[in-house]
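Shown next, in structure tokens, is the structure this report addresses.
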Amino acid sequence: MQIHTTARHCELDADVRSFAQQRLEKFAKYARDLLEAHVIVTAEGYRHVVEITLALKGRELVSRESSTEARAAIDLSADRIEHQLRRLK
């Protein structure tokens with residue numbers, strides 16, 4: 001699975017990028033047909049909006065969450081995607 005990260009209107013630290021990759025690599029235990037994941041972090045004033053898109057074979061899952069910190073928003077969005085994967089499989 002390929003993981004792409006994009007930062008809009010902000011700069012992401014290396015530890016935040018590695019946190020996002022570690023969190024998304026755990027999804028492999030729920031689905032074997034994961035093709036790629038795209039994480040978009042957008043800074044809007046004081047809050048960070050994170051959108052995670054997972055491309056499965058023949059399907060696409062999307063989650064969007066916001067928080068005051070980028071790491072917390074990634075965690076919330078990843079929880080929602082994990083719930084969608086569990087429901088799907």
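The values are calculated or read from the model by the stated rules, or taken from the named source; none is laboratory data. Quick caveat, the model's predicted, so the values are computed rather than measured. Backbone-built Cβ (ideal geometry, glycine too); neighbour counts: all protein chains shown. Accessible surface is based on the protein model in full, side chains and every heavy atom, while ligands, DNA and RNA are left aside. Shrake-Rupley method; radii C 1.70, N 1.55, O 1.52, S 1.80 Å.
So here's what we get for this one:
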{"quantity": "Search result, residues across the stretch 26-46 that are of a type in the set (A, V, I, L, M) and either at pLDDT 90 or above or open to solvent by less than 20 Å² (accessible area, probe 1.4 Å) (or both)", "calculated": "A31, L34, L35, A37, V39, I40, V41, A43"}
{"quantity": "Matching residues in the stretch 13-22 - criterion: being open to solvent by 30 Å² or more (accessible area, probe 1.4 Å) and touching a residue at least 12 places away in the same chain (Cβ under 8 Å)", "calculated": "R17, F19, Q21"}
{"quantity": "Residue check, S67 out of contact with any Pro (no Cβ under 9 Å at 6 or more places or on another chain), open to solvent by less than 40 Å² (accessible area, probe 1.4 Å), within 17 Å of I3 (Cα to Cα) and not aliphatic (A, V, I, L, M)", "calculated": "no"}
